[in-house]
1. Quick one: which residues, 5+ away or cross-chain, put their amide H under 5 Å from the amide H of B:Val90? H built at 1.01 Å from N.
2. In this model, which of A:Lys114/B:Lys66; A:Lys177/A:Lys321; B:Lys277/B:Lys303; A:Lys114/B:Lys78; B:Lys277/B:Lys400; B:Lys78/B:Lys277 are farther than 28 Å apart at the alpha-carbon?
3. Tell me the label-point distance for the pair A:Glu278, B:Leu297, using the 7 Å Cα-to-Cβ offset, in nm and rounded to one decimal.
4. Sum up the charges of everything whose Cβ sits under 14 Å from the Cβ of A:Val267, counting Lys and Arg as +1 and Asp and Glu as -1, but leave A:Val267 out.
5. Whole-Hz ³J(HN,Hα) for each residue in segment A:22-27, computed from phi via Karplus 6.51 cos²θ - 1.76 cosθ + 1.60 with θ = phi - 60°, x for glycine and proline: what do you get?
6. For a test of the definition: using alpha carbon positions, the gyration tensor, and the 1.5 limit on a/c, classify segment B:191-332 as rounded, prolate or oblate.
7. What percentages make up the Cα-Cα pair-distance distribution of segment B:311-366 when the bins are 5 Å wide from 0?
8. Debye calculation, C-alpha points only, no solvent: report log10 I(q)/I(0) for the protein assembly as shown at q = 0.10, 0.11 Å⁻¹, in the same order as the q values.
Amino acid sequence: MDWNTIFVTTVKASIGLETVVYALAAIGINIQFGYAGLLNFGQAAFLGVAAYGMAVTVATFHLPFWLGILIGLAATIVLAFLLGIPTLRLRADYLAIVTIAAAEIVRLVFRSVKFSSVFGGSDGRQNFSGDFFAMNPYSPGTYGIGPISFNERVTWVLTVGWVLIAITCGLVYLLMKSPWGRVLKAIREDEDAVRSLGKNVFSYKMQALVLGGVVGCLGGFLFALGQASVQPDLFSTEFTFYAYTIVILGGAARVFSPVVGAALFWVLLVFVGNTLSEAVSAGLLPSLFTVNNIGAVRFMLVGLGLMLLLIFRPQGIFGDKREIALDAR
Amino acid sequence: MRRAVIAFTAFLGGLVFLLSSPAWADGEALKGTLQNQGQPVNGVKISVAGEDGNPVGDATTGADGKWEVPVPKAGKYKVTLDQSTLPKDVGLKFQNRATLDVQVYEGSERNVLFALAPAGKQGEGAAQTSDSSSFWDRVAQLTFEGFNLGLIIALAAMGLSLVFGTTGLTNFAHGELLTFGAMCAYFFNVVIGLPLIVAAVISVVIGGAFGYSQDRFFWGVLRRRGSSLVAMMIISIGLALFLRYVFLFFFGGEGASFADYNAQPGIQVGPISAAPKNFIAMGIELAVLIVVGLALLKTRVGKAARAVADNPALAASSGINVDGVIRIIWTVGGAVASLAGVMLGLSQNVSYQMGFQILLLVFAGVTLGGLGTAFGALVGSIVVGLFIQLSTVVVPTELKTVGALLVLILVMLFRPQGILGRRERIG
C-alpha cells in the first residue's frame, strides 16, 4: 500500500480541477434548488452548452476567445429560457423530468455524427485554449508545497477557478441577503403566499434558473479549458447527480456548503478509489474485486451516500432542516 | 517533480475517463454469425467501411461462423460480404443485400445479419426495388419496430405510472428494475445454462419479489417516516446510481446477449422482415398488457388500485387497505418491469445501462399519456415507440431519441396533463 501517493492525490483532489468545476456547478444548483426550490436535473447541459459554445466558436469557426465566452454565456441563458418557459409553471417533478430530458438531448446532439463537422462527434473539440493559456502570468515551473504542487498551466486554471468561486460565493451571499433573495426563499417555502403579495413568481423562478445556469456555465468553461478539450460524455446526467450529492452533502441553502461539499466529495471519492485500487493490487481484498470492477465500488458508495444523507440527514453538514425545499409542489 | 506532474495528469485523465461512463469509451463493434440452415459458414470475408467509403477493417468468419470488426466510434457503416468467398453451395438470400448500411450505437456491439440460403433457392422477392414501394415498405417495417419498442416501454411505464399514481413517487430507479430483470435472466440463461424461456419466468418471479421487497423494506418504511416526495425522488436517484454500479461491478461494462435466439434468420411477413423472436416477444408483451389492463378494470384489487391512485385518503376511508394495494402494485410493477428488461435484452443487448437509457423514454411515454394513469401510460408509450422509429424516415437514426424527448418537452408546453390525464394532477 503506497500511502504516500494516496495522501498526495487526495490532498490535491481537495483543490483540483474537478473540485472547482463541481463546486461551480453545485453553487448554481444551490441557487436553483437550495434557495428557489427548483429541481433542475439538467445542470450538465448548462455546463455543456457553455463549454461547447466557447470551444466551437474558437476551434470550428476560428473566432476570438472572448467572443467564444460570450457565445457560451448566451447559449446558457437561451437554454435556461427554453427550459424554464414551459416548465416553471408546473410542479417540481415535471421540471425535473424536462431538464433531465433536455440534458440528454444536448448530449446526443453534441455527439451525433450528423453534426460532427460542428461539434466533433464523440471526440469533441480541441485546440481552443491557446488564448487562455497565453494569458498565463505564471512562468513555467511547478507551484505548491512539496509533493502537493501543480505545473504552471494547472496552477493558472486553478487560480482562475478559485477566484471565480470566491466571486460567485460573494455574489450569492449578497443576493440572498437582499430583498430579491428573500422573495426567492419565500417562493421556496410557499409559492401561493408570495403570489398573493403581488410578486411575479414565474419571473423570480426564471431569474433563479438563469442565474444558477450562468454560475454553472463558468464551471463548464473551466472544465473545457482545464483539459484543453471538450467531449460530449463529460456532460452526462450523472454529472448532475454528483453535483446534487455535493449540494446535499454540504447542506442546501448555505453559501459555502457547495464548495465544502465539492472538496469533501472529491477527497472521499479519490481517497476511497485509490485506497481500494491499491488494496486490490496488494492482494488485500477477496478475489471478487479486480482492477477492472473496483472503480464501480466508489460510485456505488456515492449512490449509497446520497440515499443515506437524504434519509438521515437531509440538511447535510451545514444546512438547516427547516430550510430544505423537500416538499413537492 | 515532473513525474509527480505526469502522475497527476494521468490521474486526472483517469478520473475523466471514469466519469465519462466506462461503457461508452470502448466496445463499439460490428459482429455477426454467418449461418446457412443452422450450420456455421466459415472463411467468408466481410469488410467494413465508414460512411465516407474509407475502409475501417475486415474480418473472416471462423469455424463457428462468427466474425467481428471493431469500429472507432458510433456512426453509420457499410458492411460488405464478399460473395466470391462464399462456399459454392451457399448464396445470399437476397442478392441486392451484399452491402448493408448499419448504425452502430454508442457503446454497443451491433449484430449484422446476412441471410444465407442454399444456392439456387435465393428469394427474388427483395430483388426488385422501386422507390415508392420501398418507402412504404420502410414505413411498414418502422411501424412494426415502433410497436415493438412501444410495447416494451409500455410494460415499463405501467409500473412507473401506477407507483406514481398511488404514492406520488417519481421513481428514477425504475429503469434499474428493467436492468435487474435482464441481468437475472442473463444469469440463469448464460451462467447457469437454463433455456431462456425458463430463465425469463424465473427472472419475472424474482423481479416481482424485488419490487415487493423494495416497497416492504425501503419505500414503505420511508413513507411511514413521512419523507417528503422531493426527498424520495432524490433518494430514488441515489438508489439508481447505487444499483447501476452494482450491476457494473458484477456484470462489467460490456454489453452481452442471451445464449438463445441470437442470430435468428429473419422471416418476411408482407413488407415486414423480422426475426421470429420479435413476433413472439410482441405477442407476449401484448398478452401481459391486456391481462394487467383487464385486472385493473375487472378485479377487486385492480379497482382498489385505481381508487388509491385517484385519491388515497378517500380510498382509505372507504375501507381499502392502501398499503396492501401499494405493495401489490410494486410487486406487479417489478415483475412486469423484469419482463420488459428481458424483452429489451432480447431485442438489443444486456448492459448495465440499458434501464437508465430507456428510462427517459418511459418518462416520455408516461407524461405523454398522463402521469398517474395506467391506460394513459400504455397509449403514450406506444405513441413514443412509434414516433421514435418512424422519425428515422426524416432524422438520422442516432438522433431518434432526441425527437422523442423534444416531444416530451412540447407536451409539457401545450398539454401538461397528457393525452388521458386530468387537469388537476399537474398542480
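Read-outs: derived from the displayed coordinates by stated rules, not from any lab. Since the structure is predicted, the reported quantities are computational estimates derived from the model, not experimental observations. No Cβ is skipped: glycine too gets one built from the backbone with ideal geometry, and neighbour counts run over all protein chains shown.
1. Close amide H contacts, sequence-distant or interchain: B:Ala119.
2. Beyond 28 Å: A:Lys114/B:Lys66; B:Lys277/B:Lys303.
3. Calculated label separation equals 6.5 nm.
4. For residues surrounding A:Val267, the net value is +1.
5. 5, 5, 5, 4, 6, 4
6. Oblate shape, in that a/c is at least 1.5 and b/c is the bigger or equal ratio.
7. 4, 16, 18, 18, 13, 11, 9, 7, 4, 0
8. -1.06, -1.27
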